[in-house]
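Asker: Take this structure, written in structure tokens, and hold onto it; I'll ask about it next.
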Amino acid sequence: MTASTDTEGYTLTTEAVLATRRRKRIVSAAVTAVLLALVVWSIDVTVVKDTDWERMGSIANVLEATNRFIGIDFELFPTLLGPAIETLLIACLGTFLGALICIPAAWFGAMNITPFKPITYPLARLMMTLSRSIHEIVWALFFVAVMGLGAMAGVFAIAVRSVGFIAKMSAEAIEDIDHGPVEAIRAVGGGPFQVFLYAVLPQVLPQVIGVVIFEWEINIRRSAILGLVGAGGLGLVFFRQMNTFNHHGVTTVILAILIIIVFGEAVSHAIRRRMI
Amino acid sequence: MDSQDIARGPTAAGTPREWRRFRYPQSLISYGSWLIAFTVIVYSIEYLNIPLDRMFGMFGRMGEILADRYYPADIEYIMDVDYIGSVIETIQMAYLGALFGLLITIPLAWFAAYNMTPSRLFVYPGARFASMCCRAVHETIWTILFVSILGFGMLPGVLALTLFSAGFAAKLFAEEIEAIDMGPVEAMWATGANLFQVMVFGVFPQVRVAFTGIGIYTWDVAFRAATVVGFFGAGGMGWYLKRNVMQIETERVAAIILSIIVLVLISELISAWARNFVMKMK
Amino acid sequence: MSVLEVSDLHARYSAKGPDILKGISFDVEGDDFFAIIGPSGAGKSTLIRCINRLVTPTSGRIIFDGREMTTLSGKGLRRARRDIGMIFQEFNLINRMSVMDNVLSGRLGYTGNLRTLFRAFPRDDIDHALKLLDRVGLSDHVDKRADELSGGQRQRVGIARALMQNPKLMLLDEPTSALDPKISKEIMGLVKSMAQELNVPCLCNIHDVKLAMEFCNKIIGLQDGVTMFAGPTEQMNEAKLDEIYAMEVL
């Protein structure tokens, strides 16, 4: 360690360091510029060319159109209680049904307890992915076609949409269990069902319940709009208000939806915090 | 020793102790919760008029309908140039929406992170409220609102996806920021840096990797939403879905749904690969 | 005039909690290497952090370089902070950034926002950083990532970063607690010699009393927020140490 400084040596190194830093900066600036150009080009090709700018009118027109929505239809508010409860209950029942379906789905989808790995495991994984890839609107359309309009189609759409997430999380929880208790129960002579009940279930149940409640909260958001395609709840009211051009009514329905979502979030938070 | 549920045995001091299966208040809360859940389920079935008896017949009917009307899927229809064009539109809407959403999310999450927000009194609750609103409003509602104001096309779709992505990512980003090691942040304050500098040197290097992962995840989720926004007038393949549903062209609907599944699967594979790549690099 | 004058300092963690510091007073002169010792929970860390206002005291005065630290805010506070260098127990480096960037971050108080964003520090800063890195013996590690270094090396980067500020006072918060004994001595020796070369007084919160007695010229002993001993190192002895550490159960 030299206490004195060699100015000659330092000037050279400083130059080198400065040059490297400058070079790095230029490269990243260039890359950013290219990306920016790509983005601008995309916007041009998609939004700018595709939008009917004349029909949209000036900024004033747009602001006026936005202004139509500002305001609450107070008469409508009390009539929203029924549909709001319907939405909540569709979420509850749908999540419950989805959780039921997850019992076999997670069993098949967990590598350590799946009954016949070459077939049941990929099958379960496929079901989970399908459930998550298809948007809830599409599921709702399907179930409305099969079961007719109404809450039941919504319940099934929610159930099927939730299976993917809940089963995936549950299967992961099952794959992560400690095998000690499993061995212990087997050692005292327990059969497969008892092993499941005493060794597997206690380890995964808190996590699974947490996941179910988390998904329930998200499902409130989903059930609220399934009515747009006929599956019951506030979505149906929303649809009608849009069609009758009652813009204040539309805002009111959105407000109602926000309220029940906040409610769901509060309940979900409270329960999940107590569980941990 | 008598019944199974109450066992008595002497302690060292000689006084008998009891073990009961039912403990108050834990067991009350536990059994009570299950009871409440059960009641809600039963009440829902009543309130929503779910015909349990007809339900089982439904499955048979479902199979029938699937086999009859939805099979075989009209693959030729989705090979059409116009349809492929709409698929490309969907992809473009998705990544533009995710990109702008993520750009908004960076400052939004910063303001919504309790440890780094500029003002805990005003900015923090404001940012939390804004991101909650974006998240709570479903992407289809945003789409309908924007289509109503701006007309049909890709612009409302991109805007709706932007707000949806911002809402989705903001909560995750904010949680990442709140989980950082505050030591380096403290060190930066100690050098006399301002809040912006502390963010750039103290916070962003710590969250950069997680942010990238969340960004990729957001793009994936935005793409799934983008497949459907066209249903409500916002451009992309969703509009083909709507048209064919209205016209009850069920074989074409089946083909469209198949194409959605394939595309989402591909996008999920790409995003999973990208996230792994990012993990390994940093 | 002393570099630092602390008078009747009180501080607490939460508004309703008890006082952690109960009236501390001392002065630091320009050539001091001042040690603060005492059992855990005595308030040493809190005291150090009050000096550069990472913790805000409830009452008392802290006059640093003629400025009243307890009432500063915004720009004034930042200006004061950039004249105080700090070294931390856990090093507090930016792990994913290079050693050079870490040392340069000491100049943030003098750098504009745009330069910060692009990490475009001026030539003089880079010059200074290289000199400091050579002085602490890390010239070969300039471009390594901070988390690739050992504990002792990281603390050297911390020292370089603090000295980049050209500070008028150095605060050291248990700089050697995370290091093994041999390295601890090296680090303390390095800080002392560099501080003497650059004429910077140091205020050091230290757990190891032997190190304090070896390197520091003045000692203040805290117990439960109260000063039990204050004076030059020569006056410290076993009896007084026992008094200070009487409450500590190890």
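Asker: Can you tell me which residue among B:V245, B:V229, B:V200, B:V253 is farther than 27 Å from C:D83 by Cα and either modelled with pLDDT of 90 or more or surrounded by fewer than 19 Cβ atoms within 10 Å (Cβ to Cβ) (or both)? Before the answer, list the steps.
Answerer: Details: B:V245 fails: either modelled with pLDDT of 90 or more or surrounded by fewer than 19 Cβ atoms within 10 Å (Cβ to Cβ) (or both); B:V200 fails: farther than 27 Å from C:D83 by Cα; B:V253 fails: either modelled with pLDDT of 90 or more or surrounded by fewer than 19 Cβ atoms within 10 Å (Cβ to Cβ) (or both).
None of the others qualify; the one that does is B:V229.
Asker: Taking the stretch A:235-262 on its own, how many of its residues are touching a residue at least 24 places away in the same chain (Cβ under 8 Å), more than 25 Å from A:A159 (Cα to Cα) and of a type in the set (V, I, T)?
Answerer: Here the count works out to 3.
Asker: Output the residues belonging to the stretch B:224-260 that are over 17 Å from A:W139 (Cα atoms) and of a type in the set (A, V, I, L, M, F, W, C).
Answerer: As a first pass, look at the stretch B:224-260 and keep what is over 17 Å from A:W139 (Cα atoms): B:233-236, B:247.
Within the stretch B:224-260, just B:A234 meets the criteria.
Asker: Going through A:I259, A:I185 one at a time, which residue ends up being within 26 Å of the chain's Cα centre (by Cα) and in a helix (DSSP H, G or I)?
Answerer: Values: A:I185 fails: within 26 Å of the chain's Cα centre (by Cα).
Result of the check over A:I259, A:I185: A:I259.
Asker: Within the stretch C:235-247, is there a residue that is surrounded by fewer than 23 Cβ atoms within 10 Å (Cβ to Cβ), of a type in the set (A, V, I, L, M), free of Cβ contacts under 8 Å to residues at least 12 places away in the same chain and assigned to a helix (DSSP H, G or I)?
Answerer: Yes, some residue in the stretch C:235-247 is surrounded by fewer than 23 Cβ atoms within 10 Å (Cβ to Cβ), of a type in the set (A, V, I, L, M), free of Cβ contacts under 8 Å to residues at least 12 places away in the same chain and assigned to a helix (DSSP H, G or I).
Asker: Across the stretch B:152-180, which residue is surrounded by the most Cβ atoms within 10 Å (Cβ to Cβ) among those that are β-branched (V, I, T) and part of a helix (DSSP H, G or I)? Steps first, answer last, please.
Answerer: Restricting attention to the stretch B:152-180, the residues satisfying the condition of being β-branched (V, I, T) are B:158, B:162, B:177, B:180.
Filter again for part of a helix (DSSP H, G or I), leaving B:158, B:162, B:177.
Working: B:V158: 30, B:T162: 25, B:I177: 22.
Taking the candidates together, the pick is B:V158.
Asker: Here is a further query. Being more than 9 Å from every other protein chain (Cβ to nearest Cβ), in contact with a Leu (Cβ under 6 Å, 6 or more places away or on another chain) and touching a residue at least 24 places away in the same chain (Cβ under 8 Å) is the filter here, so list the residues in the stretch B:132-155 that pass it.
Answerer: Hits for the stretch B:132-155 are B:C134, B:F146.
Asker: Ok, one more. So A:H247 fits all but one of (1) more than 10 Å from chain B (Cβ to nearest Cβ); (2) in contact with a Lys or Arg (Cβ under 6 Å, 6 or more places away or on another chain); (3) of a type outside the set (D, E, K, R); what number is the exception?
Answerer: (1)
Asker: Filter the stretch C:176-229 down to residues that are under 26 Å from C:S2 (Cβ atoms), of a type in the set (K, R) and surrounded by fewer than 18 Cβ atoms within 10 Å (Cβ to Cβ), then give me how many there are.
Answerer: 1
Asker: Turning to a different aspect of this structure: Has the stretch A:191-206 got at least one residue that is more than 14 Å from every other protein chain (Cβ to nearest Cβ), outside any helix (DSSP H, G or I), at pLDDT 90 or above and farther than 30 Å from A:G154 by Cα?
Answerer: Scanning the stretch A:191-206, I find no residue that is more than 14 Å from every other protein chain (Cβ to nearest Cβ), outside any helix (DSSP H, G or I), at pLDDT 90 or above and farther than 30 Å from A:G154 by Cα, so the answer is no.
Asker: Which one of the conditions (1) touching a helix residue (DSSP H, G or I) at 6+ places or on another chain (Cβ under 7 Å); (2) touching a residue at least 24 places away in the same chain (Cβ under 8 Å); (3) not β-branched (V, I, T) does B:A254 fail to meet, given that it meets all the rest?
Answerer: (1)
Asker: Among the residues that make up the stretch A:98-109, is at least one of them buried (at least 24 other Cβ atoms within 10 Å of the Cβ) and within 14 Å of another protein chain (Cβ to nearest Cβ)?
Answerer: Yes, the conditions are met somewhere in the stretch A:98-109.
Asker: Something else about it: Report the residue count in the stretch C:84-93 for those that are at positive phi and more than 7 Å from every other protein chain (Cβ to nearest Cβ). Walk me through it before giving the result.
Answerer: Going residue by residue through the stretch C:84-93, those that are at positive phi are C:91-92.
Those left that are additionally more than 7 Å from every other protein chain (Cβ to nearest Cβ): C:91.
Residues flagged as at positive phi and more than 7 Å from every other protein chain (Cβ to nearest Cβ) within the stretch C:84-93 amount to 1.
Asker: If I go through the stretch C:63-83 residue by residue, how many of them are more than 9 Å from chain B (Cβ to nearest Cβ) and either buried (at least 22 other Cβ atoms within 10 Å of the Cβ) or at pLDDT 95 or above (or both)?
Answerer: 2
Asker: Residues in the stretch A:62-85: is at least one farther than 13 Å from A:N246 by Cα, part of a loop (DSSP other than H, G, I, E, B) and either in contact (Cβ under 8 Å) with a residue 60 or more places away in the chain or at the interface with chain B (Cβ under 7 Å from one of its Cβ atoms) (or both)?
Answerer: yes
Asker: While we're looking at this one, here's another question. Scan the stretch C:194-212 for residues that are in a helix (DSSP H, G or I), touching a residue at least 60 places away in the same chain (Cβ under 8 Å) and touching a helix residue (DSSP H, G or I) at 6+ places or on another chain (Cβ under 8 Å) and jot them down.
Answerer: Matches in the stretch C:194-212: C:V209, C:A212.
Asker: Let me ask something else about it. Determine which single condition C:K240 fails, assuming it passes every other condition in (1) under 22 Å from C:E90 (Cα atoms); (2) modelled with pLDDT under 85; (3) not polar (S, T, N, Q).
Answerer: (1)
Asker: I need the helices (runs of 4 or more DSSP H) fully contained in the stretch B:181-282, keeping only those with at least 3 residues that are more than 14 Å from chain C (Cβ to nearest Cβ) and under 28 Å from C:I94 (Cα atoms).
Answerer: Working: elements: B:182-190, B:195-198, B:204-229, B:238-246, B:250-281.
Of the helices (runs of 4 or more DSSP H) lying wholly inside the stretch B:181-282, those with at least 3 residues that are more than 14 Å from chain C (Cβ to nearest Cβ) and under 28 Å from C:I94 (Cα atoms) span B:204-229, B:250-281.
Asker: Turning to a different aspect of this structure: Being among the small types (G, A, S), without any contact (Cβ under 8 Å) to a residue 24 or more places away in the chain and either in a helix (DSSP H, G or I) or not assigned by TED's automatic domain parsing to the domain that holds B:G202 (or both), is that true of even one residue in the stretch B:86-103?
Answerer: Residues of the stretch B:86-103 among the small types (G, A, S): B:86, B:94, B:97-98, B:101.
Filter once more, so that each one left must be without any contact (Cβ under 8 Å) to a residue 24 or more places away in the chain: none.
No; the residues of the stretch B:86-103 include none that is among the small types (G, A, S), without any contact (Cβ under 8 Å) to a residue 24 or more places away in the chain and either in a helix (DSSP H, G or I) or not assigned by TED's automatic domain parsing to the domain that holds B:G202 (or both).
Asker: Follow-up question, since we're still on this one. Among residues belonging to the stretch B:32-75 that are in contact (Cβ under 8 Å) with a residue 60 or more places away in the chain and away from chain A (no Cβ under 12 Å), point out the one that is farthest from A:F143 (Cα to Cα).
Answerer: Taking the stretch B:32-75 and keeping what is in contact (Cβ under 8 Å) with a residue 60 or more places away in the chain, we get B:69-75.
Going one step further and asking which of them are away from chain A (no Cβ under 12 Å), we end up with B:71-75.
Numbers: B:Y71: 16, B:P72: 19, B:A73: 18, B:D74: 20, B:I75: 22 Å.
In this case the residue turns out to be B:I75.
Asker: Would you say A:R274 is in a helix (DSSP H, G or I), basic (K, R) and farther than 28 Å from B:F164 by Cβ?
Answerer: Details: in a helix (DSSP H, G or I): yes; basic (K, R): yes; farther than 28 Å from B:F164 by Cβ: yes.
Spelling it out, A:R274 is indeed in a helix (DSSP H, G or I), basic (K, R) and farther than 28 Å from B:F164 by Cβ.
Asker: Going by the structure shown, is C:R96 within 14 Å of C:L171 (Cα to Cα) and either within 14 Å of another protein chain (Cβ to nearest Cβ) or of a type in the set (F, W, Y) (or both)?
Answerer: no
Asker: Which one is farthest from the other protein chains (Cβ to nearest Cβ), of the residues in the stretch A:120-178 that are surrounded by fewer than 24 Cβ atoms within 10 Å (Cβ to Cβ) and among the charged types (D, E, K, R)?
Answerer: Among those residues, the one meeting the criterion is A:D178.
Asker: Has the stretch B:126-135 got any residue that is closer than 21 Å to A:L228 by Cα and crowded, with 18+ Cβ neighbours inside 10 Å?
Answerer: yes
Asker: Something else about it: Among the candidates A:G232, A:G210, which residue alone is buried (at least 16 other Cβ atoms within 10 Å of the Cβ), in contact (Cβ under 8 Å) with a residue 12 or more places away in the chain and not in a helix (DSSP H, G or I)?
Answerer: Numbers: A:G210 fails: not in a helix (DSSP H, G or I).
So the residue among A:G232, A:G210 that is buried (at least 16 other Cβ atoms within 10 Å of the Cβ), in contact (Cβ under 8 Å) with a residue 12 or more places away in the chain and not in a helix (DSSP H, G or I) is A:G232.
Asker: I would also like to ask the following. Looking at (1) within 12 Å of chain A (Cβ to nearest Cβ); (2) without any contact (Cβ under 8 Å) to a residue 60 or more places away in the chain; (3) touching a Phe, Trp or Tyr at 6+ places or on another chain (Cβ under 7 Å), find the lone condition where B:T117 falls short.
Answerer: (1)
The values are calculated or read from the model by the stated rules, or taken from the named source; none is laboratory data. Keep in mind it's a predicted model, so treat the numbers as computed, not measured. Virtual Cβ from ideal backbone geometry, glycine too; neighbours counted across all protein chains shown.
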